[in-house]
Amino acid sequence: MRSVPSVFLALMKEWLRSKSGMFFSFLFPLMLLLIFGSVFGGTGSTTYMLHVQNFDVKDGEPTELSKIFIDVLDSMEIFEIKEIDPGIDVNSYVKENPSFEYSYRILKIPKGFEENIRGKSMAVRLNVVVGTFTYIEENFSNYMSESDLQAIEGGREELSKWKNMFPSSEGAELTFLADETDMSAMAVRSILESIINAFNNQLIGVEEQMMSIKSESLVEKNMSATAYYLPGYIAAFIMTNGIMGATSVISELRRNGTVKRLAATPLPKRSWIMSNVFQQTILAFMLTAVMIIFARIIFGVSALPNLYALLLIFIGAVTFASIGMILGGVIKDVEAASGAGSAIAFPMMFLSGAFWPIEMMPSYMQTIAKCLPLYYFHDGLRNIMILDNLSGSYVPFLVMGTLAVIFIGIAIKITKWKEL
Amino acid sequence: MPEKVVEVENLVKRYKTVTAVDGITFDVYQGEIFSLVGPNGAGKTTTVEILECLRTPTSGSAKVLGFDLLNEEMEIKKRIGVMPQEFNAFERLTVKENVELIAKIYNVKPETKQVLEELGLWEARNRRFHKLSGGMQRRVGVCMALISDPDLLFLDEPTTGLDPHARRECWEVIRTLKKLGKTVFLTSHYMDEVEQLSDRAGVIVNGKLIVTDTVHDLISQHGGGIKVSVKGKKTKEAEKILQRFTENVFHDTDIVTGKFQTRQEASKALAQLYQMGNGYRIEIIEPNMDDVFARLAGHKVDERGELL
């Protein structure tokens, strides 16, 4: 192990001085980040996603009026309505289901929505009736008999009692939740207000507020597509560096006799493998740093890896460098080795959902994605770096950790240090 | 007798279908240049790589610098210097970086300047390996083998593929190694190289070691003797003289040749031939390793190492 730093340094210099190595490891990933970030990163959607949480439920069914109201919202082409079960806490829902496609705006329909609107509507109607009675009483008493007046008075009092039977005269108050940084939230609220006004008018035909809306702020992590996929880019290119880069380096050094030269020294095989894995790890950290700086400058993404992220990057680099060492160790021909590397790396890169949501893919492909180590790598990295959700990285840590141990074991077993 | 640094006992290396090394036995002594000579595919590299602990023998045993080949691999590796066939170093590292990397692996304080100067590479120390000529690359290889100050150096076909000038340069380097007191184990298919450089040589063909001896003895015993040819008018007279000293006399149209086992026999004949007067020319052809090989293996070897 003593000679690992020296051999690592030699490998590092060899790589730094190779133009194609630099291109492949850094420039290529950055170009893809730039292109994908620009193409997929846009937010120019013309419909607004609106999540509706309907608390106005009776016997497990939404009340009729609340249903009609949601249908009205849905029939407006401007909204794409998604309903959230009333049993869910929206603040955690938003954190657990982050989306890069839209910002969360949630409309809460309160319990008693139908009842309150009916109540308010009745109250308004009764008010009109009582008001009419009062008006008649005040202005036309001279023309009426005492008994008539008493009948009207009695009716008015009776109606006033009725009026008191409808406790909420305030109407229904909807709650609109949106992130403070969400630029479109204001627009969505105005649209909602005008719909509510129309609804009010249709309900009774008078300018009386049946329904009102209040705003509450929703704490959502505001994230762009580029931020969401940055861990995907980082993971994917650590993978390609390992599987494609390490494979071709190893098979070339084996072909040209450098490995034999080293094998003839007292350098133990393990140290040779460690040096290569170590070099790939440093490369992975360098790539991460470059990608983060680049994403910050170009796309304003401010994600930073914490200790857990660095640990996962380390584990990922070890896994993929080991796969590279295995391929480079098994396949003698340099061309064939790098061909095999790209045959594994490219499909994995695109299938694993590193660059786009795997929900977009057919379900059998999603199943394939979940069999790929890269899926766990970028998923874990995203949970840690972007979503602040450490618990979401437990499975990725477990999967990647196990794979790292397995693959480095195979690499040690398969790397030839004799009979070269 | 000097100390044995390599002792090989009935070494066999068998692959699936071929036996690359077929039970060879020989010793190499301290301070000598020993050559394993033979055509391509004879088993030279396999033998050397077994001794360098780069291959495991199928059977047989060997000791290198007193250590057992099978059980004391690391002890051997620490003490030998190696330049593999078709050797390569890190291409984009400089001469100095490559040499010092090897020193680091051996955990020795490198005398880089001294070693590079000895091999005429000090000026080129900051040049990258892949920018060097073939001859210079071999010299870097020798430096890398030498930097750990090993007692025994294995140079596997050090001059194959080099132009004649670079080959001669390389010979000088190998002679320098001997002067430094190193034991050098060489493989080659160039008979002149073996003759020029080695103290002792083993002739290997088809995995079998046919003979091992000093180069001098190999030539005198297996070279087919000294040829004395007389060209010109007096071939008849010369033939008679030659026949007095040897039975092997051949007559062509205007040339007669006698073959002698030893120089003494040849010199007696020569003394009489020189008394014949004028009108003829005497040519003495000493045998060389080419003849040794041709006689032992039944074939000659061409420049590329192929059997003819």
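Listed conditions (1) within 30 Å of residue B:107 (Cα to Cα); (2) in contact (Cβ under 8 Å) with a residue 12 or more places away in the chain are all met by residue A:228, apart from (1). The residues of the stretch A:223-248 that are over 19 Å from residue A:313 (Cβ atoms) and modelled with pLDDT of 90 or more amount to a single one, A:247.
Residue-by-condition table, conditions (1) within 7 Å of another protein chain (Cβ to nearest Cβ); (2) modelled with pLDDT under 95:
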{"position": "B:58", "(1), (2)": "no, no"}
{"position": "B:63", "(1), (2)": "no, no"}
{"position": "B:67", "(1), (2)": "no, no"}
{"position": "B:76", "(1), (2)": "no, no"}
{"position": "B:80", "(1), (2)": "no, no"}
{"position": "B:86", "(1), (2)": "yes, yes"}
{"position": "B:93", "(1), (2)": "yes, no"}
{"position": "B:98", "(1), (2)": "no, no"}
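From the list B:99, B:82, B:142, pick out the single residue that is assigned to a helix (DSSP H, G or I), touching a residue at least 24 places away in the same chain (Cβ under 8 Å) and within 21 Å of the chain's Cα centre (by Cα). Among B:99, B:82, B:142, only B:142 is assigned to a helix (DSSP H, G or I), touching a residue at least 24 places away in the same chain (Cβ under 8 Å) and within 21 Å of the chain's Cα centre (by Cα). Check the stretch A:386-404 and report whether any residue there is among the small types (Gly, Ala, Ser), more than 14 Å from every other protein chain (Cβ to nearest Cβ), over 17 Å from the mean Cα position of the chain (by Cα) and closer than 22 Å to residue A:247 by Cα. Yes, the conditions are met somewhere in the stretch A:386-404. Evaluated against (1) away from chain B (no Cβ under 14 Å); (2) at pLDDT 90 or above, residue A:416 falls short on exactly one condition, (1).
Only one of B:102, B:33 is touching a helix residue (DSSP H, G or I) at 6+ places or on another chain (Cβ under 8 Å), away from every other protein chain (no Cβ under 14 Å) and crowded, with 22+ Cβ neighbours inside 10 Å; which?
On the way: B:102 fails: away from every other protein chain (no Cβ under 14 Å).
Selected residue: B:33, the only one of B:102, B:33 that is touching a helix residue (DSSP H, G or I) at 6+ places or on another chain (Cβ under 8 Å), away from every other protein chain (no Cβ under 14 Å) and crowded, with 22+ Cβ neighbours inside 10 Å.
Residue check: residue A:226 meets all listed conditions (1) more than 14 Å from chain B (Cβ to nearest Cβ); (2) of a type in the set (Val, Ile, Thr); (3) crowded, with 24+ Cβ neighbours inside 10 Å but one, namely (3).
Name the one entry in B:54, B:11, B:69 that is free of Cβ contacts under 8 Å to residues at least 60 places away in the same chain, touching a Pro at 6+ places or on another chain (Cβ under 6 Å) and surrounded by 17 or more Cβ atoms within 10 Å (Cβ to Cβ). Don't jump to the end; show me each part of the working.
Details: B:54 fails: touching a Pro at 6+ places or on another chain (Cβ under 6 Å); B:69 fails: touching a Pro at 6+ places or on another chain (Cβ under 6 Å).
Being free of Cβ contacts under 8 Å to residues at least 60 places away in the same chain, touching a Pro at 6+ places or on another chain (Cβ under 6 Å) and surrounded by 17 or more Cβ atoms within 10 Å (Cβ to Cβ) holds for just one of B:54, B:11, B:69, which is B:11.
Screening the stretch A:60-148 for helices (runs of 4 or more DSSP H) wholly inside it with 3 or more residues that are surrounded by 15 or more Cβ atoms within 10 Å (Cβ to Cβ) and in contact with a helix residue (DSSP H, G or I) (Cβ under 9 Å, 6 or more places away or on another chain) returns the ranges A:64-75, A:113-140.
Looking for whichever is under 30 Å from residue B:40 (Cα atoms) and either hydrophobic (A, V, I, L, M, F, W, C) or touching a helix residue (DSSP H, G or I) at 6+ places or on another chain (Cβ under 7 Å) (or both) here; the options are B:289, B:276. Which one fits? Give the derivation first.
Numbers: B:276 fails: under 30 Å from residue B:40 (Cα atoms).
Just a single option satisfies the conditions, and that option is B:289.
Would you tally the residues in the stretch A:70-117 being touching a Phe, Trp or Tyr at 6+ places or on another chain (Cβ under 8 Å), without any contact (Cβ under 8 Å) to a residue 60 or more places away in the chain and not aromatic (Phe, Trp, Tyr)? Number satisfying all stated conditions: 4. Checking the condition closer than 20 Å to residue B:140 by Cβ, in a helix (DSSP H, G or I), away from chain A (no Cβ under 11 Å) and β-branched (Val, Ile, Thr), which residue from B:48, B:115 passes? Only one candidate passes the filter, namely B:115. Total residues in the stretch A:12-24 satisfying the condition of being part of a helix (DSSP H, G or I) and within 8 Å of another protein chain (Cβ to nearest Cβ): the figure is 2.
Only one entry in A:93, A:135, A:143 is under 30 Å from residue A:178 (Cα atoms) and either among the hydroxyl-bearing types (Ser, Thr, Tyr) or modelled with pLDDT under 75 (or both), namely A:93.
Of all residues in the stretch B:224-261, those that are assigned to a strand (DSSP E or B) and either free of Cβ contacts under 8 Å to residues at least 40 places away in the same chain or among the charged types (D, E, K, R) (or both) total 11. Scanning the stretch B:118-154 for residues that are over 15 Å from residue B:82 (Cα atoms) and within 11 Å of chain A (Cβ to nearest Cβ), we see that the one that is surrounded by the most Cβ atoms within 10 Å (Cβ to Cβ) is B:129.
Only a single item in (1) more than 37 Å from the chain's Cα centre (by Cα); (2) not in a helix (DSSP H, G or I) is not met by residue B:275, and it is number (2).
Take the stretch A:257-300 and flag every residue that is among the small types (Gly, Ala, Ser) and either assigned to a helix (DSSP H, G or I) or buried (at least 20 other Cβ atoms within 10 Å of the Cβ) (or both).
As a first pass, look at the stretch A:257-300 and keep what is among the small types (Gly, Ala, Ser): A:257, A:263-264, A:271, A:275, A:284, A:289, A:295, A:300.
If the condition is that a residue be among the small types (Gly, Ala, Ser) and either assigned to a helix (DSSP H, G or I) or buried (at least 20 other Cβ atoms within 10 Å of the Cβ) (or both), then A:263, A:264, A:271, A:275, A:284, A:289, A:295 are the ones that fit.
If you go through the stretch A:232-247 one residue at a time, do you hit one that is surrounded by fewer than 20 Cβ atoms within 10 Å (Cβ to Cβ), touching a residue at least 60 places away in the same chain (Cβ under 8 Å) and not assigned by TED's automatic domain parsing to the domain that holds residue A:91? No, every residue in the stretch A:232-247 fails to be surrounded by fewer than 20 Cβ atoms within 10 Å (Cβ to Cβ), touching a residue at least 60 places away in the same chain (Cβ under 8 Å) and not assigned by TED's automatic domain parsing to the domain that holds residue A:91.
Of the residues that make up the stretch B:211-223, is at least one assigned to a loop (DSSP other than H, G, I, E, B) and surrounded by fewer than 16 Cβ atoms within 10 Å (Cβ to Cβ)? The answer is no; no qualifying residue exists.
The values are calculated or read from the model by the stated rules, or taken from the named source; none is laboratory data. Quick caveat, the model's predicted, so the values are computed rather than measured. Positions of Cβ are generated from backbone atoms using ideal geometry, with glycine treated the same way; all protein chains shown enter the neighbour counts.
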